[in-house]
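All of the numbers you see were taken from the coordinates with simple rules; none came from a lab. On a predicted model such as this, the values are computed, not experimentally measured, just so you know. Don't worry about glycine lacking a Cβ; one is built from the backbone with ideal geometry, like all the others, and counts go over all protein chains shown.
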Amino acid sequence: MKDRKEILIRIAMFLLFLFVILGVNAFRYYDRTFYACGPSDFFSLDRGRYEVFVDTDEPAADSCLIYYETNGQERILADKAMKSGVGGRFEMELPSNIRNDSVRVVLLNETGMELSQIDVMRITRILPVGQTAVYLVMYLLISLLLFRWFGSGQISCLLTGFVSVALLPVYPVYCAAPGRILLLIMTCVSNLFLVDRKAGISRESIVRYVFFLSLSLAALYFCTESSPFYARNPWDDTSIYYSIGRGITQGYVPYRDMFDHKGPVVFFLYALGHLLTPDRFYGAYLLESFCFSGLLYVTYRICSLYFERGMAQVLAVVSMVFLLDGTFLVYGGSCEEFTMVIYAAILYGYLSYFSGTKEYTGRWMVMTGVLCGLSFWMKFNMTVCLLTLVGMMLLHRLLGRHNIVKDVLAFAGGFLGAGVPVIGYFFCTDSLGYLKNGYFVANLAYADVRTIGETLTVFGQNVLLAVTDNPGISLVVAVGIAGFLFSSRYIGSIAGKIGLVMAFGVLIGSTYISYAFLYYYCLVAVFVILGIITIAGILTDRGLKWNVKEGMAFGLAMPCLCLLLVFNRNYREAAVFSENFTLCDVCEKEMENASQDREKTLLLYRNHRAQMMTFAGMKPAARYYFAPNISKHMPEINEEQDRYIHEGTAEFVLVDHAEMYPSLVEWGLYQYDQILDWQQGPERVQLYCLKR
């Protein structure tokens, strides 16, 4: 009877998976034929790739143009040469929806005059039929392999269910890069087998991690704008990381060929994301999901120090609602978001050491050093808190008359080892000087020089702003710090309590000493885990003796996902809800139409609208292809950009409010034609193309 029930469950899972995938494609289906279509016939189109077939008997037909209207301007969506009696077939892609009934198709003669009508026109959305079939076959094979490897039973059934959930949001990523994502999926599935057979890890632990991974993929599908649920990530910072990461895969060297002052590790992460899914942010979405699944798993391990496994798993699922709050996650993809898992891992080591549940080993110190090194090469100020935690553990061992020389050497070895690939890369590209000036010197110049009084005032204002932006989470964090400080239930050692409070204070000080950007709070939010543990401890002490089984976390996942959408409302900017082209979409089409197979090099003059650099085929015009915030401390950036304009280095130039630079035309813009003048409220942007 149990075997029969399990078979029915597996069949139901496959049918549900099939229904969702086919339902998505059915929803996107579009096939429409127009007869006697004239210039005054308007319609709408949704985001996607389309095939357009045009047939005409008009002898004067020379070309076919598709227009659309946005922001009060009619612009060209696609352009195709045409022959009478032969017709034409071509493809076009819409990065966003056009739902204002402004799309129209016209035939032009050689002089550019609009002709009366098109005899027959058919527009069909291109759906990934073949890719979908392969994906479904792959899913069926994975299900069979899991059944063969793990046998029948509850664990195997749960594992198949979680893999099914994980593969649903990965489907559009797969459609963007089928070969690469197929290889990634099969590698992950193979690793499940190897971990089960070779690493000696329990199957319960494997199921638990796959559960956290599927939960992460599902949650971040809606919470980060790097996912396929969104047209593109509109954040300047992530666009900069992506453009430099893509540049690395094309032979450009950070700091030397493409300047920014963030650490090289984040550029390498985005380079990996680009290799997974070229010219899209989907690879970054996968990396964010892997990091967040690690964060959930470490959260579970921290909670396991104080509660039984069922309760710990429930608390880890609940923590997702706090750790993905949209106020500090912003659009997703920040350095701080990737570093959250590092903070949680080292916090777990710290708490397990002072709770006496983990053996202090040299191997663990090496791994701690590696994690600190990764944090250092992403943003070195983020490492101060981690070093405080590690330093307090070493001090505690020293006061306990332990020999810490080996520990220090192990940590230093891991820390330096993390930097070897970074230093090696820049050494091989003869760019160590650029690394030093771009990462260390530039960031030190970024720090504002103030008096002690001014610094304290700014610091207080920044902390107050962070608390008011995140009042609920700040309260839970404060409860957690107080609970671990005043209760001996969690940390019995005075040194452990002092070290935890010191590390938190150092984090606040190093983070908010100069600025209070929203995403800075990601690292502070990691300490919400302590608050969740403290509150759960208070409730259990008050007599709420819950008999929590491990399976309860699985049932709690869906309510928590729904609750998460209350605190993270990025989904309101989803591609499916867009009504018309944005500035990014218009610029992409204008540069695509104007490039005429020429190299698309771009200069963002005195601005950092780096989203424009994420389009397919875009390349930086020069080293300072955009103006970062640090440019006010480095006048050479503006001077170099002026030189680029004067020498006509860039094929395209994007300027914010060109009227603010009256000498710019005289200095060099006379070499360019203006192809776009975008005005929307206070925003005014001009796009120029080099004259030929």
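So here's what we get for this one:
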{"quantity": "Residues listed by number, the stretch 598-617, amide nitrogen under 19 Å from Gln671 label point at 7 Å toward C-beta", "calculated": "598-607"}
{"quantity": "Among beta bridges that DSSP assigns inside the chain, antiparallel share in %, nearest 5", "calculated": "85"}
{"quantity": "Relative contact order (%) - the chain, alpha-carbon pairs under 8 angstrom, separation at least six", "calculated": "14"}
{"quantity": "Cα centre as origin, Lys/Arg/Asp/Glu Cβ charges: the stretch 208-334 dipole, Debye", "calculated": "320"}
{"quantity": "Backbone N under 20 Å from the Thr455 label point (7 Å along Cα→Cβ), restricted to the stretch 374-390", "calculated": "380-388"}
{"quantity": "Cross-link reach list, lysines versus Lys379, counting only Cα pairs under 16 Å and skipping chain neighbours closer than eight places", "calculated": "Lys262, Lys436"}
{"quantity": "Dipole moment magnitude, nearest 20 debye, the stretch 32-126 about Cα centre, only Lys, Arg, Asp, Glu C-beta charged", "calculated": "420"}
{"quantity": "Reach of Lys600 by Cα under 24 Å, taken over lysines that are not fewer than 8 positions away in the same chain", "calculated": "Lys80, Lys589, Lys619, Lys691"}
{"quantity": "Distant-in-sequence amide H partners of Thr70 (H built 1.01 Å from N, under 5 Å)", "calculated": "Arg75"}
{"quantity": "Spherically averaged projected area in nm², based on the convex hull that wraps the Cα atoms of the stretch 583-690", "calculated": "6.4"}
{"quantity": "Over the chain: Kirkwood hydrodynamic radius from C-alpha pairwise inverse distances, Å", "calculated": "28.0"}
{"quantity": "Gain on full stretching of the segment that runs from Leu182 to Phe380 - 0.36 nm per residue minus C-alpha separation", "calculated": "67.7 nm"}
{"quantity": "Residue-count net charge about Ser431 - beta-carbon cut-off 11 Å; Lys, Arg +1, Asp, Glu -1", "calculated": "0"}
{"quantity": "For the chain, with +1 on Lys and Arg beta carbons and -1 on Asp and Glu, the positive-most of Gln117, Leu604, Val54 along the dipole", "calculated": "Leu604"}
{"quantity": "Inter-probe distance in nm under a simple model that places probes 7 Å from Cα toward Cβ, at Glu639 and Met558", "calculated": "6.4"}
{"quantity": "Dipole moment magnitude, nearest 20 debye, the chain about Cα centre, only Lys, Arg, Asp, Glu C-beta charged", "calculated": "3660"}
{"quantity": "Modelled FRET efficiency - R0 41 Å, Ser40 with Phe567, Cβ distances, 0.05 increments", "calculated": "0.30"}
{"quantity": "Separation in nanometres of the label points that stand 7 Å from Cα toward Cβ, at Lys358 and Leu16", "calculated": "3.5"}
{"quantity": "Calculated [θ] (222 nm, deg cm²/dmol) that DSSP helices of n ≥ 4 give over the chain, each run adding -39,500 (n - 2.57)", "calculated": "-18500 deg cm²/dmol"}
{"quantity": "Cα→Cβ-extended label distance, 7 Å offset, between Tyr30 and Arg197, nm", "calculated": "4.7"}
{"quantity": "Residues Lys691, Lys83, Lys619 arranged by fewest to most Cβ contacts within 10 Å", "calculated": "Lys691, Lys83, Lys619"}
{"quantity": "Furthest towards positive pole of dipole, Ile126, Leu107, Tyr68, structure part the stretch 32-126, Cβ charges", "calculated": "Ile126"}
{"quantity": "Selected from Tyr139, Val253, Tyr209, residue furthest toward positive end of dipole (the stretch 123-254; charges at beta carbon)", "calculated": "Tyr139"}
